[in-house]
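Notes to accompany the following structure.
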Amino acid sequence: MHEPYLNTRVSAMAEHLVDPDEVMTLCGLSLQELAQRFGLEGLLEESLDRRAKSRSVKQALINTLLDELRILIRPMAAAEAGLILAWGRKYALFNLKTLLRGKLYELNQAEIRANLFELPAHVRLPQQDLFQAEGVLELLRKLEQGPYSLIAKQGREVFEQKRDPFALEAAIDQRYYSEMARRLQQVHDSNQPELKQLLGAVLDRVALMWLLRFRFSYALSPSETFYQLVPSVRLLHRDRLLTLVNLDSLEEIIAALPDPLNSALAGSQSLIEVQQRLGGYVTQEARLLLARGHSGVARSLAYLILREHGVLMLFALVQGQLLGLPRDLVEIAVEAHPPDCALPLPSAA
């Protein structure tokens with residue numbers, strides 16, 4: 001792998017990331033000003049309805065992100081490229097869930113197609129083949145033949161046992177994050193410490209949000225919750241999660257967290273606030289690694305995480321303008337400040 005070349009490429013790309021200090025200014029721009037600033041004019045033609053404009057903007061932003069991912073993995077060794085590509089396959093899983101819901105609820109093909117993203121070849125599903133499947137189980141069996149085989153197999157086994165759409169989607173998400181943790185163990189030693197630091201922060205966020213939702217929003221038991229979680233390679237490892245799932249309130253869980261999670265979440269009053277702060281925890285780790293890291297692979301992933309954060313923020317700004325939302329709601333959507341009306345946390349069952 002050509003480490004100096006990769007680091008140079010990442011540094012050049014990072015020049016185009018949105019500066020956090022710019023976010024409040026961007027919230028005040030009109031739709032036309034946003035389009036001019038980010039080159040979206042052709043996607044917001046007057047002849048398109050609001051839904052079509054929203055869809056075309058999101059499609060273009062996602063494809064830009066995935067094109068940059070493809071450029072970054074070119075000089076990487078196979079194991080490292082596989083890890084970064086596995087991260088980017090989340091967008092194919094959005095399409096997979098759309099296809100599965102279409103089969104579950106017997107939607108017509110036109111309606112399903114309207115909600116699918118057109119993705120580049122390196123992350124694309126064999127969608128035409130999947131469209132022809134008779135049902136959920138046949139669709140998943142067809143998918144077991146390619147790069148999504150582990151995800152498809154776990155989803156099929158869970159659905160055969162439970163016939164539950166929620167359990168099916170949870171199994172897909174669980175396998176996705178487990179696959180990234182597995183691939184981390186295969187990368188070269190020199191890249192692994194910084195990748196472990198960054199991916200660990202991602203898995204910390206996922207594990208804690210799932211734990212809180214399953215326990216308090218869905219009222220699952222500690223054992224049911226623990227079964228759904230993916231242990232992190234950093235702070236929220238298996239034994240710590242086993243302790244946390246047996247606590248009975250948000251306050252107790254936050255108090256039992258190690259730093260820096262404890263200090264980042266101290267005083268949080270709702271799941272929305274926790275989610276926002278955990279997002280800040282991950283992006284801060286990514287910014288620090290991008291600025292100070294040495295591993296080109298880890299800096300590439302840090303860049304992609306920050307680029308994705310910027311893509312979602314820009315889409316929220318455009319969506320806010322298309323829907324005519326007041327500025328304070330747009331600022332909450334792009335996490336410019338905490339939500340003013342935090343929802344109360346449901347009590348444990």
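The values are calculated or read from the model by the stated rules, or taken from the named source; none is laboratory data. Because the structure is predicted, anything quoted here is derived from the model rather than measured. Please note: Cβ atoms are built from the backbone with ideal geometry, for glycine as well, and neighbour counts cover all protein chains shown. Each accessible area value is taken on the protein alone, full model and side chains, heavy atoms only, with ligands, DNA and RNA left out. Shrake-Rupley method; radii C 1.70, N 1.55, O 1.52, S 1.80 Å.
Data for the structure
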quantity	calculated
Hits in region 107-122 - residues which are charged (D, E, K, R) and either assigned to a helix (DSSP H, G or I) or in contact with a Pro (Cβ under 7 Å, 6 or more places away or on another chain) (or both)	E111, R113
Subset of region 13-22 that is in a loop (DSSP other than H, G, I, E, B) and either touching a Pro at 6+ places or on another chain (Cβ under 7 Å) or open to solvent by less than 90 Å² (accessible area, probe 1.4 Å) (or both) - its residue that is modelled with the highest pLDDT	L17
Among the residues listed as L312, L322, L288, the single one being assigned to a helix (DSSP H, G or I), touching a helix residue (DSSP H, G or I) at 6+ places or on another chain (Cβ under 6 Å), surrounded by fewer than 20 Cβ atoms within 10 Å (Cβ to Cβ) and not acidic (D, E)	L322
Selection status of K58, open to solvent by less than 30 Å² (accessible area, probe 1.4 Å), in contact (Cβ under 8 Å) with a residue 24 or more places away in the chain and under 24 Å from the mean Cα position of the chain (by Cα)	no
Hits in region 115-139 (condition: among the hydrophobic types (A, V, I, L, M, F, W, C) and in contact (Cβ under 8 Å) with a residue 24 or more places away in the chain)	F117, L119, V123, L125, L130, F131, A133, V136, L139
Segments classed as helices (runs of 4 or more DSSP H), wholly inside region 209-264, with at least 1 members that are under 18 Å from Y177 (Cβ atoms) and open to solvent by less than 30 Å² (accessible area, probe 1.4 Å)	222-228, 238-244
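Residue-wise test of (1) touching a helix residue (DSSP H, G or I) at 6+ places or on another chain (Cβ under 6 Å); (2) aliphatic (A, V, I, L, M); (3) surrounded by fewer than 19 Cβ atoms within 10 Å (Cβ to Cβ); (4) part of a helix (DSSP H, G or I).
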| residue | (1), (2), (3), (4) |
| --- | --- |
| S11 | no, no, yes, yes |
| M24 | no, yes, yes, yes |
| L29 | no, yes, yes, no |
| G42 | no, no, yes, yes |
| L65 | yes, yes, yes, yes |
| F94 | no, no, yes, yes |
